[in-house]
Amino acid sequence: MKTYVLISFLNFITMVSFSQTIAGIDSVVSANTERSDFEFVEIPVSDNSLQASGFVKDNQIYIINERFDSKRIIWLTRYYFNNSKLICVIEEEHAYEKQNDTLKAFRLTEKTFEGKYYFYNNELIDSKTDGKKQVPDDITLLSQSKEGVLLSKAEEYRDLLNKQLSEKEKNIIELKIDIDKIKSIAPKGWAVTGNSTNTVLLTKPDSARICNFINTDKMLNDNYEEFIKTKIIGKIQYQLKYTFNKALTDDEIKSVKNLNDSVAEIIRSLPGKYNISHLSRKYDDFIPHNEKNKQSIEKFKSEKKKIMKLYKKLPDFNTEKYSVYISDNMPWYGSFCSKETEAKVYKLKNDIKEILTD
């Protein structure tokens, strides 16, 4: 009798402890789901049908999201971590919403399935499911056990994300060195700032007048100061932006050039396609003669806009570790009114390129 009572008491303690563990996991999952201070980090995956990302804070991983898209369903999986250990996995399956038998991407119906799996010390301790799967386990789990697949997937994504974070830390250190180099040659008063990833911003201390010199030759005007008064379009606080990405290989650069050449060739053919080649132009716009021309020009613009999205910017220059892209806040039709300011910015760009490629 005493033995039976003792066993019952131990079972009761175990049940209480188990319930507290599940409740504790639910509490952590709920709290982390509601947090808004995480840093979002994309995780590179080789499968185009998969998207993966992590939510981290101070290099600690809290959540990893996985999204799988097929023609029929979207499968969402969230891995929750506490002190680097997997504590919970939530799976959701959604069907695409159909309209006239056409798939509407990113439109989801109500969940058709949800599974919640609790882990403690790398062991599956409980699970709850609701609904019916449309993708059977023998496909999604590759004939492995549920516990084994979730643990191995979590470990795989965690390793990939940790590698990303480690690379990011290394890049921050290297970027800081480059920021210091740029600061050493920046003109007096220019602010040089860098974010925590891959961008350096140089800001001119005072505003600069900008002019529109399109279809004019500013170098041929004897009375330049009087000339620019007719060309001034405003002032800007000029900013020069340097973006540092992983260096493209020669083959990758060649591939981008070939792509851009193809895009340019297609765009050059569009005026002929829409029978507007004979129309005169003002800057980059065709001037219509009639309503039919207007409609053709609108179709031309619409298709050109879509095709231009295929265009990829080539780096302005390469360093040993980076492909460097330069941009600024100057409008496409604008230039510095001051020749002196224009010359200083030109020299600054050359000096930066020289010090970074030295």
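Annotations for the structure displayed:
- No other residue among Lys299, Lys305 is assigned to a helix (DSSP H, G or I), loosely packed, with under 15 Cβ neighbours inside 10 Å and over 22 Å from the mean Cα position of the chain (by Cα) apart from Lys299.
- Any hit, region 221-232, residues being touching a Lys or Arg at 6+ places or on another chain (Cβ under 6 Å) and assigned by TED's automatic domain parsing to the domain that holds Tyr322: yes
- Conditions (1) touching a helix residue (DSSP H, G or I) at 6+ places or on another chain (Cβ under 7 Å); (2) surrounded by fewer than 16 Cβ atoms within 10 Å (Cβ to Cβ): number failed by Leu270: (2)
- Residue count for region 194-208, restricted to those that are hydroxyl-bearing (Ser, Thr, Tyr), under 28 Å from Val41 (Cβ atoms) and assigned to a loop (DSSP other than H, G, I, E, B): 2.
- Residues of region 244-295 satisfying the condition of being assigned to a loop (DSSP other than H, G, I, E, B) and either under 30 Å from Gly194 (Cβ atoms) or not assigned by TED's automatic domain parsing to the domain that holds Tyr325 (or both): Ala247, Leu248, Thr249
- Meets criteria (more than 25 Å from Phe55 (Cβ to Cβ) and free of Cβ contacts under 8 Å to residues at least 12 places away in the same chain) for Asp250: yes
- When region 167-193 is limited to residues that are assigned to a helix (DSSP H, G or I) and of a type in the set (Val, Ile, Thr), the one that is farthest from the chain's Cα centre (by Cα) turns out to be Ile185.
The values are calculated or read from the model by the stated rules, or taken from the named source; none is laboratory data. Just so it is clear, the structure is predicted and the values come from calculations on it, not from any experiment. Cβ: placed from backbone, ideal geometry, glycine included. Neighbour counts: every protein chain shown.
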